Amino acid sequence: MTELTKLTIAEARDKLAARDITASELTESYLSAIDAGNEAINAYIAVTGDIAREQAKASDAKIAAGEARPLEGIPLGIKDLYATKGVHTQACSHILDGFKPEYESTVTQNLFDDGAVMLGKLNMDEFAMGSSNETSFYGDVVNPWRRNGSDKALVPGGSSGGSAAAVAAHMCAAATASDTGGSIRQPAALTGTVGIKPTYGRCSRWGMVAFASSLDQAGPIGRTVRDNAILLKSMASVDAKDTTSVDAPVPNYEDFIGKSIKGMKIGIPKEYHMDGMPEEIEKLWQQGIAWLKEAGAEIVEISLPHTKYALPAYYIVAPAEASSNLARYDGVRYGLRVPGNDIVEMYENTRAAGFGDEVKRRVMIGTYVLSAGYYDAYYLKAQKVRTLIKQDFDNAWADGVDAILTPTTPDAAFAPGEITDPVTMYLNDVFTVTANMAGVPGMSIPAGLNKDGLPLGLQLIGKPFEEGTLFQVGEVIEQAAGRFEPSANWWSK
Amino acid sequence: MSVDLSTVKRVARLARIKVDDEQAEKMTGELNAILGFVEQLDEVNIEGVEPMTSVVETSMKKRADGQTDGGYADKVVSNAPVSEDNFFMVPKVVE
């Protein structure tokens, strides 16, 4: 880890503006860090050094000309589910073998238009289906964090495991990620990084490989709350190519950083106290409450009575939408083709070879719940439950609550292979999935370490399109908790 | 509700995923575990509740009915496993 890769985006931006460093130097530092560390972490599945150097050079020219844009020369990692023109884009699935899109996703285009540099494509769970980054065709991502006194590997969480691990290991300044049920917030919590899933519709989904279209949302993972604010400002936009993107002004989120939270009403939902939850998580939550109280916020207990039904409803809605979205992978238009005696057998062979077990499971569940005679019993019922989940939140906002504080995950990072039962794995998202079901924004902020020295996160949930409040409150937690880094860099050669 | 082996095979056929008997057997257990988990929803009173269609209250955006894109068939087929003269090639479907 060099001095340059230690910088936050805000710090790098200042040094670049002051001409203390160049964008090319910054990019080279990160490329060296990737070169030294990626073999152990496996966060990058494609490194785009040539593109990065080219972009950094262009950034240096812009800075020299006094035309620096908001993210000028900032080196980012891009999750493999964002379409990047001419560059590896497979959502870490075998079925998209060799796919190099002819177009750029709106989110990455927005970032490049603001001067960002792309270091490469980041590992993830296949089609964003997973909570441990163990379902990637490109192998597991390894968490830079280890338990005290242990050299045993831990998962970085998922599905944005590559994004979170690369940020925690200082192999990028920040990363793009995506969140369908917790895929930004859970890995952020497990790696001591900050991540925000904005309101559904805040970022364009165009050019993001689709998983569950009514839940998918883009967002950043970075090392600080402020860095998240800087990135989201660039990522968010209304887009004619995504009719669900919302035409609302994108505020300058950085303006919310440092604003007082005095008098703000923070809701503590009693349903998030879970049986069997480690004592440490409960303690961390109480600590978070104390910090916000000290900062002048009013703490109120609230009830979100349908919380426990969010996860089961999610496991109907998400697979149903996935089974429709993934129907396009048939060996005809892109990616893998495995021959068969006729066209149907070609489809079946291609999908059998191209999809991993977890993806197959979800496509099967989705196909079943949408099949004739079952639609009302499963999908329609789940969508009704979703209405109730959203109403729970609406009631809280109506009572004057400004934001809700919860733990991000029920526990810290675990070892690969430790959780083999699908339903147990799904429970990792129990606190995060509600925000997706209701479409509201959620952010995870590192708030402490457990007894093994592993990071734990607190989650803030906010009103639709009020991400600014989350940055405002999130920064208070960050200031109180401090920042967390792995105790030793064991991963660099 | 739970699924049996023949249902799993039928669903796999609908989903166009080839599964052998051993895989179908394994999937039956896994799918039943997931279906068992989602059964909790039966406890919820959904009487008179409207199903969610959109988390953001919005009316569907419309655009002018005009051609705004296209004219690059070669790019469209550039990632196809097999293509010829800008057509996707598939095994014979009509005898």
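The values are calculated or read from the model by the stated rules, or taken from the named source; none is laboratory data. Small disclaimer: the values here were computed from a predicted structure and weren't measured. Virtual Cβ from ideal backbone geometry, glycine too; neighbours counted across all protein chains shown. These accessible areas exclude ligands, DNA and RNA; they are computed on the full protein's heavy atoms, side chains included. Shrake-Rupley method; radii C 1.70, N 1.55, O 1.52, S 1.80 Å.
Odds and ends about this structure:
- Condition met for A:T48 (open to solvent by less than 10 Å² (accessible area, probe 1.4 Å) and modelled with pLDDT of 95 or more): no
- A:V338 being surrounded by fewer than 24 Cβ atoms within 10 Å (Cβ to Cβ) and at pLDDT 95 or above: yes
- Selection count where residues are over 16 Å from the mean Cα position of the chain (by Cα) and within 20 Å of A:A229 (Cα to Cα), scope region A:130-170: 1
- Residue count, region A:274-288 (criterion: within 24 Å of the chain's Cα centre (by Cα) and open to solvent by 60 Å² or more (accessible area, probe 1.4 Å)): 1
- The residue list A:G340, A:G263, A:G335 contains one member that is at positive phi and within 14 Å of chain B (Cβ to nearest Cβ), which is A:G335.
- Of the helices (runs of 4 or more DSSP H) entirely within chain B, those holding at least 1 residues that are in contact with a helix residue (DSSP H, G or I) (Cβ under 7 Å, 6 or more places away or on another chain), facing another protein chain (nearest Cβ under 9 Å) and open to solvent by 80 Å² or more (accessible area, probe 1.4 Å) occupy B:5-14.
- Residue satisfying condition, being of a type outside the set (S, T, N, Q), closer than 22 Å to A:G222 by Cβ and touching a residue at least 60 places away in the same chain (Cβ under 8 Å), within set A:I45, A:I21, A:I63, A:I95: A:I45
- Residues in region A:312-328 that are more than 8 Å from every other protein chain (Cβ to nearest Cβ) and buried (at least 24 other Cβ atoms within 10 Å of the Cβ): A:Y314, A:V317, A:A318, A:P319, A:A320, A:A322, A:L326.
- Only listed residue being open to solvent by less than 60 Å² (accessible area, probe 1.4 Å), closer than 21 Å to A:S183 by Cα and in a helix (DSSP H, G or I), chosen from A:T27, A:T108, A:T89: A:T108
- Scope region A:326-346; condition within 28 Å of the chain's Cα centre (by Cα) and outside any loop (DSSP other than H, G, I, E, B); matching residues: A:L326, A:A327, A:R328
- Residues that are open to solvent by 10 Å² or more (accessible area, probe 1.4 Å) and in a loop (DSSP other than H, G, I, E, B) within region A:111-129 comprise just one, A:D114.
- The selection criterion, being out of contact with any Cys (no Cβ under 9 Å at 6 or more places or on another chain) and away from chain B (no Cβ under 14 Å), holds for A:E282.
- For region A:137-163, a residue qualifies if it is in contact (Cβ under 8 Å) with a residue 40 or more places away in the chain, in contact with a strand residue (DSSP E or B) (Cβ under 8 Å, 6 or more places away or on another chain) and of a type in the set (S, T, N, Q), and the qualifying residues are A:S160, A:S163.
- The set of residues from region A:52-70 being charged (D, E, K, R) and open to solvent by 70 Å² or more (accessible area, probe 1.4 Å) comprises A:R53, A:E54, A:K57, A:E67, A:R69.
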